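Let me begin by presenting the structure, written as structure tokens, before commenting on it.
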Amino acid sequence: MSNASPNFLTSSIGKKFLMGFTGLFLISFLVVHVCINACIYFNDSGETFNMAAHFMANNIIVRIVEIGLFLGIILHIVQAAILIRQNNSARPEKYAVQNLAVSSKWYSRSMGLLGTLLLMFLIVHLANFWVPTKVAVFKGEEHNTFESLKVVFSSPLILIVYLLGLASLFYHLLHGFQSAFRTFGLTHKKYTPFIKSFGFWYSVIITLVFASMPITLYLGIIK
Amino acid sequence: MSHGNMNLTLKIWRQNSGKEPGQLVTYPVKDISPDMSFLEMFDVLNEQLVSKNENPIVFDHDCREGICGMCSMVINGRAHGPKTGITTCQLHMRSFKDGDTIVVEPWRAQAFPVIKDLTVDRSAFERIQAKGGFVSVNTGTAQDANCLPIPKDDADASFNAAACIGCGACVATCKNASAMLFVAAKVSQFALLPQGRVEATARVKNMVAQMDAEGFGSCTNTGACEVECPKGISLENIARMNREFLVANCKD
Amino acid sequence: MSKLDSKIPDGSLEQKWTKYKSSVALVNPSNKRNLEIIVVGSGLAGSSAAASLAELGYKVKVFCYQDSARRAHSIAAQGGINAAKNYQNDGDSVYRLFYDTVKGGDYRAREANVYRLAEVSNSIIDQCVAQGVPLAREYGGMLSNRSFGGTQVQRTFYAAGQTGQQLLLGAYSALNRQIGLGTVDMFPRHEMLEVVKIDDKARGIIARDMVTGKLERHFGHAVLLCTGGYGNVFYLSTNAMGCNATAAWKAHKKGAFFGNPCFTQIHPTCIPVSGDHQSKLTLMSESLRNDGRIWVPKKQGDTRKGNEIPEEERDYYLERRYPAFGNLVPRDVASRAAKERCDEGYGVGASKMAVFLDFKAAIERFGKTQAKKLSIENPTPQQLKEFGKQVVEEKYGNLFAMYEQITGENPYEVPMRIYPAVHYTMGGLWVDYNLMTTVQGLYCLGEANFSDHGANRLGASALMQGLADGYFVIPYTIGAYLSKEIAVKPIPTSHEAFDAAEKEVQTRIDKLFAIKGGKSVDHFHKRLGKIMWDKCGMARNEKGLKEAILEIRQLRDEFWKDVRVTGKANEMNPELEKACRVADFLELGELMCMDALNRSESCGGHFRVESQTEEGEAKRDDDKFTYVSVWENKGNNEWDLHKEDLMFDVVHPSQRSYK
């Protein structure tokens, strides 16, 4: 048969590939993020933590990677928006009754919703921490990130917003991690169970460590 | 004519043609036997409608033994009804209770427009297959069948993919109305065999291009298609197609 | 006699087809492009023929009533496909396959056709494997075979219990390739309702678009009918709901003679009828008889459950009557024996029209072997049962699941109930060696023709015949006719013959709507089915057949006075489709009874009560009936009988015995 050459990136599978690729990139960023956060557990009044935060805010390589990170987020979001639109138009007339609960997990069907919640959380999160850091760098001042942590997480409202945001992250990761591997075609009867359980534990651990931070700060365990 | 003792309320999608709007219409049915198949229950209802000089409900069905892939009903929100691993025609009334209300709708997808009532047009599947669902071998050119040993595991995996009956339950179930499981089953069936490897690159590209052109959604890997597939076609095939597609696109 | 020329080539049996192939007229490629062929039906025969002819360069149009060519009922065949490959080194050969088929058909098939079938059987397997059909394999990578339908060699190729599906998907993929290349135009959801004849040659068809209801005209230099069998004349059969005789019947009324209409195969292992709502019957592969034992209680009217009847009160009647073959006797013998027991009052289940198929012994036997294999000493009975069930599940899991789904009973725990059901029709349009009917340019392939199976078809032979006709016979034989047609330009469908044919169809449809009677189409179909099953079913006698003929005539009159067809003609209308089909069944049913009445011998699937041995076995009458009954339609439901005498030069007819 003759060989048609559709554009890979505009094909449905190509778009999913980009979603998975950017998704995994963001997932890898979370590891860095969580490691830096974990510095508060030295419980040294944020000394180590601030050092790490300072490094992240000022190092040139990190600065460049940061641009990539934002591009990744934007690509992930834009691509998702396109896919959701297409997917919605693939079924213009909806079912009167649809019972999907028996055949799939709710969070696998709610990636768009979870993603939107995550985006909203991200905006709050950036406003809380990233913007003040940037302002400080811009002004050439020293910014005590740890102190601002304590201030921000003293509010129970913020704490709840963060916990909800992290819950969204957990479910988003729970599906997204193994889904990305399937999209890349990386399945194997020997290794897939490993990838799946790795994805599960990754989601659990990352979320728990992230969540522990506002909680411990709020409760005053970390000072 | 008395059959059994179940009384049910059916809410069935009626739509005169693709151009007109449709709606759910309520029909009570009485004296249904639990030994009846779901479609035989429809026969009873249609017989009643004919006796009242009304138009019977049009639905696709043929072999009534779960292999032709013609029957296609979403019953109470599930493709082919509440049980897994069977088609609508294999569903029996003993899966329901006396007094139940049952909602029956057609497959719903942009690529599967309603023709009438519960009948939809699945010709999109045909067009996808015509793009590459074959090995280009003319009649009479084949070598002896045993000249090409094929590992049993590969042959079995290929068979499992080839068990697809093309009913479209995967599309009907998928929240995105994606046809990935169907196309992946076809691609895999050939990709797993040496006969199919020759044209593997062109096949996967052509079939995916046609799938996209038909207006199916994309795959979110929710896995619902695998659960509702009456033949248990594995998600593994979707991964294989993704891999094939990626490799095919890297090649040129 | 003069009207029937079977055109069997001269020469020795082994040389006929080879010589034919090298001497048949050819059509040159540039002429093929200008020749149009219509194929009606897209099962194994139709799809394979359409694909092969398109590959040769002909312009092909394919019609099927389903929404996809892949849904033709060939897809439902479970067991397998025979071929004389002798891969098992067990002494198989083309000759043995030929011999078994002729003998299995009770010496009522043409030697030359059957030999050709056996010859091309090997190429079919090669072709299917090359297409990527995933046939079962051994660990060494070679194709696997099983023994099927009581043959003594392992020549059956299979793909689990879905051989028909896989073979059809193979042919369908070849068809799809041609559709993609633009050499085949596919018309799904189209039903052929008339043949168009011009100057005594078939030149096209009238087909109804089942979505819009529009009648369409299509021209073809030749027309191929690959429309399957007519088992649905019995209403209940293992055929799909839509299987019908309409295309063949219209052809018959336009001059194609009908061969052996009464030859019907009743398959022994079907799930019994559960009530009057029953719309179709489900077959379970007869491979179940390899391990299951068939029995009824020794006591008449025994109402106990199968499990409650002790061993000594069971009558394993097949093992008793046929010690050599036991439960593996051919289909017709097994079916009749079941009917005999039920008629005598030994039947089981609520309807009393069923016999038990029991896997208890098999489960025990498998359990013991499995325990040995796992080196378990002194296994408990519970363990043995578990092991046995596992083996049975591996071998027959899908069939057992199907049984449980339909009946609600667990066949691992209670014996299955089975009863024979109409499965296949050996009769069909009469064709010559070229597969051409008595109408020039009108061909008939697969189950739709009368051809190769004689009075009884062996297991795993139907798939073989459908594909043989389509892949390897028609591409050659059609050249004999089309080579003389190269000068014929496509005839415009405005030709008066198309006008007349379309008008005929339109009139018939209008007439059906005009009746506005009180009873549904199904009502008549069910009544016809009952007459056929009771009087032209597994056992037939003169009195019953004569009654049946009268009853069918009455029913037909009633149909044309009192049928109610709802809806309109110009829309999707399954009631109209059914009405058109049942109208034809009501004529075909009569012909079947007439044929059964004429053939006062018993042979294969045709059992005349008057013609049996002292032990109640079928008795052939070779002196009087070694011929094909070929019926010519004279209009007004009258027929002339022609006889094609069968010559047996190589195989000598003997009475079949499975004792």
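The values are calculated or read from the model by the stated rules, or taken from the named source; none is laboratory data. All values reported here derive from a predicted model rather than from experimental measurement. Using ideal geometry, Cβ is built from the backbone for each residue, glycine included, and neighbour counts are taken over all protein chains shown. Only protein heavy atoms, including side chains, enter the accessible area calculation; ligands, DNA and RNA are left aside. Shrake-Rupley method; radii C 1.70, N 1.55, O 1.52, S 1.80 Å.
Can you pull out every residue in region C:524-577 that is polar (S, T, N, Q) and closer than 24 Å to C:D332 by Cα?
Listed by number, the list holds a single entry, C:N541.
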Just checking, does region C:311-323 include any residue being under 32 Å from the mean Cα position of the chain (by Cα) and open to solvent by 60 Å² or more (accessible area, probe 1.4 Å)? yes
Would you check if there is a residue in region C:383-401 being closer than 30 Å to C:L236 by Cα, free of Cβ contacts under 8 Å to residues at least 24 places away in the same chain and either in contact with a Ser or Thr (Cβ under 6 Å, 6 or more places away or on another chain) or open to solvent by 40 Å² or more (accessible area, probe 1.4 Å) (or both)? yes
Could you grab me the full set of residues in region B:32-64 that are closer than 21 Å to C:V273 by Cβ, open to solvent by 30 Å² or more (accessible area, probe 1.4 Å) and either more than 10 Å from chain C (Cβ to nearest Cβ) or without any contact (Cβ under 8 Å) to a residue 12 or more places away in the chain (or both)? B:D43, B:E47
Here the residues within region A:19-32 that are touching a residue at least 40 places away in the same chain (Cβ under 8 Å) and not β-branched (V, I, T) are A:M19, A:G20, A:F21, A:G23, A:L24, A:F25, A:L26, A:F29, A:L30
Kindly establish whether B:C174 is open to solvent by 10 Å² or more (accessible area, probe 1.4 Å) and farther than 30 Å from B:G81 by Cα. no
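Residue by residue, here is whether (1) of a type in the set (F, W, Y); (2) buried (at least 24 other Cβ atoms within 10 Å of the Cβ) holds:
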{"site": "B:T101", "(1), (2)": "no, no"}
{"site": "B:W107", "(1), (2)": "yes, yes"}
{"site": "B:F125", "(1), (2)": "yes, yes"}
{"site": "B:G140", "(1), (2)": "no, no"}
{"site": "B:D153", "(1), (2)": "no, no"}
{"site": "B:C164", "(1), (2)": "no, yes"}
{"site": "B:C167", "(1), (2)": "no, yes"}
{"site": "B:F182", "(1), (2)": "yes, yes"}
{"site": "B:R197", "(1), (2)": "no, no"}
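Given the structure, is A:G165 open to solvent by less than 30 Å² (accessible area, probe 1.4 Å) and free of Cβ contacts under 8 Å to residues at least 60 places away in the same chain?
Yes.
Quick check on region B:67-77: of everything there that is surrounded by fewer than 24 Cβ atoms within 10 Å (Cβ to Cβ) and of a type outside the set (V, I, T), which residue is farthest from the other protein chains (Cβ to nearest Cβ)?
It comes out as B:N76.
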Yes or no: C:R110 under 23 Å from the mean Cα position of the chain (by Cα), more than 14 Å from every other protein chain (Cβ to nearest Cβ) and of a type in the set (K, R)? yes
Within region A:100-112, can you find the residues that are open to solvent by less than 30 Å² (accessible area, probe 1.4 Å) and facing another protein chain (nearest Cβ under 7 Å)? A:L100, A:S103, A:S104, A:S108
For residues that are over 22 Å from B:C174 (Cβ atoms) and facing another protein chain (nearest Cβ under 8 Å), scanning just region B:78-99, find the one that is least open to solvent (accessible area, probe 1.4 Å). B:H92
C:L236 fails exactly one of the following numbered conditions: (1) in contact with a Leu (Cβ under 6 Å, 6 or more places away or on another chain); (2) open to solvent by 10 Å² or more (accessible area, probe 1.4 Å); (3) facing chain B (nearest Cβ under 7 Å). What is the number of that condition? (3)
Let me confirm something: among C:S68, C:S42, C:S123, which residue is of a type outside the set (A, V, I, L, M), under 25 Å from the mean Cα position of the chain (by Cα) and open to solvent by 10 Å² or more (accessible area, probe 1.4 Å)? C:S123
Under 7 Å between Cβ atoms, at least 6 apart or on separate chains: pull out the pairs that start in region C:635-657 with a residue that is over 20 Å from C:R96 (Cβ atoms) and end on any residue that is modelled with pLDDT of 95 or more and open to solvent by 90 Å² or more (accessible area, probe 1.4 Å). C:D640/C:K634
Which one of the conditions (1) touching a helix residue (DSSP H, G or I) at 6+ places or on another chain (Cβ under 7 Å); (2) within 14 Å of chain B (Cβ to nearest Cβ); (3) over 30 Å from C:S173 (Cα atoms) does A:N50 fail to meet, given that it meets all the rest? (2)
Answer yes or no: is there a residue in region B:15-24 that is within 13 Å of chain C (Cβ to nearest Cβ) and either more than 30 Å from B:Q110 (Cβ to Cβ) or buried (at least 17 other Cβ atoms within 10 Å of the Cβ) (or both). yes
Can you pull out the helices (runs of 4 or more DSSP H) entirely within region A:1-99 that have at least 2 residues that are open to solvent by less than 70 Å² (accessible area, probe 1.4 Å) and hydroxyl-bearing (S, T, Y)? A:12-37
Can you tell me how many residues within region C:79-136 are under 18 Å from C:D469 (Cβ atoms), assigned to a helix (DSSP H, G or I) and among the small types (G, A, S)? 4
Please find, among B:V114, B:V103, the residue that is more than 9 Å from chain C (Cβ to nearest Cβ), closer than 25 Å to C:N176 by Cα and out of contact with any Leu (no Cβ under 6 Å at 6 or more places or on another chain). B:V114
If you go through region C:458-487, how many residues are part of a loop (DSSP other than H, G, I, E, B) and open to solvent by 10 Å² or more (accessible area, probe 1.4 Å)? 5
Take the residues in region C:572-630 that are assigned to a strand (DSSP E or B) and polar (S, T, N, Q), then tell me which one is most open to solvent (accessible area, probe 1.4 Å). C:Q612
From B:D121, B:D154, grab the single residue that is facing another protein chain (nearest Cβ under 9 Å), of a type in the set (D, E) and touching an Asp or Glu at 6+ places or on another chain (Cβ under 8 Å). B:D121
Under the condition of being open to solvent by 50 Å² or more (accessible area, probe 1.4 Å) and assigned to a loop (DSSP other than H, G, I, E, B), which residue from region B:2-14 is modelled with the highest pLDDT? B:N5
